[in-house]
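Visitor: Input: one structure, supplied below.
The values are calculated or read from the model by the stated rules, or taken from the named source; none is laboratory data. Model, not experiment: these values are computed from the prediction. As a convention, Cβ positions derive from the backbone with ideal geometry for all residues, glycine included, and neighbour counts pool all protein chains shown. Please note that ligands, DNA and RNA were not included when accessible areas were found on the heavy atoms of the full protein model with its side chains. Shrake-Rupley method; radii C 1.70, N 1.55, O 1.52, S 1.80 Å.
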Amino acid sequence: MDNQQATSWLSGIIEGEGSLTSERLRISNTELDLIEKCEEILRKLGIPYNRSSSQRGNRKREYDLCIWQNRIPNLLKHLKLECRFESSETTREGSVDLWWLIGILEAEGSFHICNRMSRKDQMNLNPEITLTSTTEKIISKVATNLYALGMSYHIQSYTPEKRTPYRVLTIRGYKRVQRFLLRVTEFQTKKYQQKATLLLAFCNTRLAQSQKEPYTERQLEIFRALRNMI
């Protein structure tokens, strides 16, 4: 990544995983390589930070980066935060902010294969990439980027009782997911690199055979592997 790509990626991560108070900006994630990539970018920008970690019971260890209040204005000068926080940069309407898109997907996205049983009670596997958010601007910006890339998607809205309404953006189907993963490739965390590779392999092999043929053992292995990576 060059400097502009790095700050766009970090902007996506912060809008997905960041929290801002009067005292600090906090980035929290369970993936250590994501946190280390954030640290690398912050060091290049000359932004001091503190790292800590904690673990609750049997849950995965969580890592935190904290940038204290007096350092936040300098950081915001480098970022393109349009959805949840304010910064000095803006993205032109209709333009592709590819590295922001990669960052927000690594922060909030889900790469998986759904098993929707058919009426004949047969396994029916469907590849999906989804992003769920209560922030309308995040969904809108992701949609703008996908539209500019020529990618198909759909958005559903949900209003659960006693919870904040949210929206889910989904890329679904072998050809749509394959096309997206051939275009968006440079994930920065090992987990998402592995997920993208497995999902693309699933789409490639399934599209190379008749849809009436049974799933191969390798395809079923990929389905199980992605389920275990949730």
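Visitor: From 57, 18, 46, 103, grab the single residue that is surrounded by fewer than 16 Cβ atoms within 10 Å (Cβ to Cβ) and in contact with a helix residue (DSSP H, G or I) (Cβ under 9 Å, 6 or more places away or on another chain).
Guide: Result: 46 is the single residue among 57, 18, 46, 103 that is surrounded by fewer than 16 Cβ atoms within 10 Å (Cβ to Cβ) and in contact with a helix residue (DSSP H, G or I) (Cβ under 9 Å, 6 or more places away or on another chain).
Visitor: List, please: which pairs have Cβ atoms under 7 Å, are six or more places apart or on different chains, and start with a residue in the stretch 30-50 that is farther than 22 Å from residue 194 by Cα and among the aliphatic types (A, V, I, L, M) and end with one that is open to solvent by 10 Å² or more (accessible area, probe 1.4 Å) and in a loop (DSSP other than H, G, I, E, B)?
Guide: Matching pairs, first to second residue: 42/49; 45/78.
Visitor: Just the residues that are of a type outside the set (Asp, Glu), surrounded by 13 or more Cβ atoms within 10 Å (Cβ to Cβ) and part of a strand (DSSP E or B), please, taken from the stretch 122-164.
Guide: Scanning the stretch 122-164 gives 125, 126, 127, 129, 130, 131, 132, 133, 155.
Visitor: If you check every pair at least six apart or on different chains, which have Cβ atoms under 8 Å apart with a residue in the stretch 210-230 that is under 22 Å from residue 193 (Cα atoms) first and a residue that is among the β-branched types (Val, Ile, Thr) second?
Guide: 218/205; 219/205; 222/113; 223/113; 226/113; 227/113
Visitor: Which of the residues belonging to the stretch 149-192 are without any contact (Cβ under 8 Å) to a residue 40 or more places away in the chain, in contact with a strand residue (DSSP E or B) (Cβ under 8 Å, 6 or more places away or on another chain) and among the β-branched types (Val, Ile, Thr)?
Guide: Selection gives 155, 168.
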